[in-house]
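Only one structure is covered here, and it is reproduced in the block below.
The numbers here are math on the coordinates, done by the rules we state, and not lab data. As the structure is a prediction and not an experimental result, all values here were calculated from the model. Here the Cβ is made from the backbone with ideal geometry for all residues, glycine too, and neighbour counts use every protein chain on show.
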Amino acid sequence: MVLLGFAFNYLAMMALCLAMPRHHKLLLQKEPAAARQHLLRGLAIGALVVALALCVRELGGEIGTLIWFCLLMLAGWLLVGLLAWRARWVFRMAAVLPVVSGVLLVL
């Protein structure tokens, strides 16, 4: 469940990243429209809330919130590293993380 929270944190950070014109242009080769920026920010807030809910449900209020902040920080570091060295892997990681965490959750 915590790994699924990490996946949602990564998706939220990626959505916030894509809401910024500089990173949107780097990853998608075009400027984002204002409506798309608002949509991405809304999706990021939703993903952060889901990740927080997953962590709190699994670990309790205090520890779950603390782990959520740690996972958010790790997701940000992963995204920054991918943007710096392997920008094309940003979307691949966004597709792989939820699938892997879902499979591990089922097992």
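Just a few scattered comments:
- Karplus 3J(HN,Hα) series, Hz, for the stretch 60-74 with 6.51 cos²θ - 1.76 cosθ + 1.60 (x for Gly, Pro): x, x, 6, 5, x, 5, 5, 5, 4, 4, 5, 5, 5, 5, 5
- Summarising the overall dimensions of the chain from its C-alpha atoms, the Rg and Dmax are 14.1, 42 angstrom.
- Phi-based couplings in Hz for the stretch 98-107 (Karplus 6.51, -1.76, 1.60; Gly and Pro marked x): x, 5, 5, 5, x, 5, 5, 5, 5, 6
- Across the chain, the relative contact order, built from alpha-carbon pairs under 8 Å that are at least six residues apart, equals 38 percent.
- Based on the Kirkwood approach, the hydrodynamic radius assigned to the stretch 39-84 is 11.2 Å, with every pair of different Cα atoms included.
- Cα-only radius of gyration and Dmax that characterise the stretch 1-55, units Å: 12.0, 35
- Whole-Å distance, taken between Cα centres, linking the stretch 12-60 and the stretch 76-97: 14 Å
- With contacts taken as Cα pairs under 8 Å and at least 6 residues apart, the stretch 1-50 reaches a relative contact order of 46 percent.
- Approximating the spin labels as points 7 Å out from Cα along Cα→Cβ, the GLU62-to-PHE91 distance works out to 4.5 nm.
- Length gained on full extension, LEU26 to MET73, computed as 0.36 nm times the residue gap minus the Cα-Cα distance: 14.7 nm.
- In order along the stretch 20-26, the phi-based Karplus estimate (6.51 cos²θ - 1.76 cosθ + 1.60, θ = phi - 60°) of 3J(HN,Hα) comes to 8, x, 4, 6, 4, 5, 5 Hz; Gly and Pro are listed as x.
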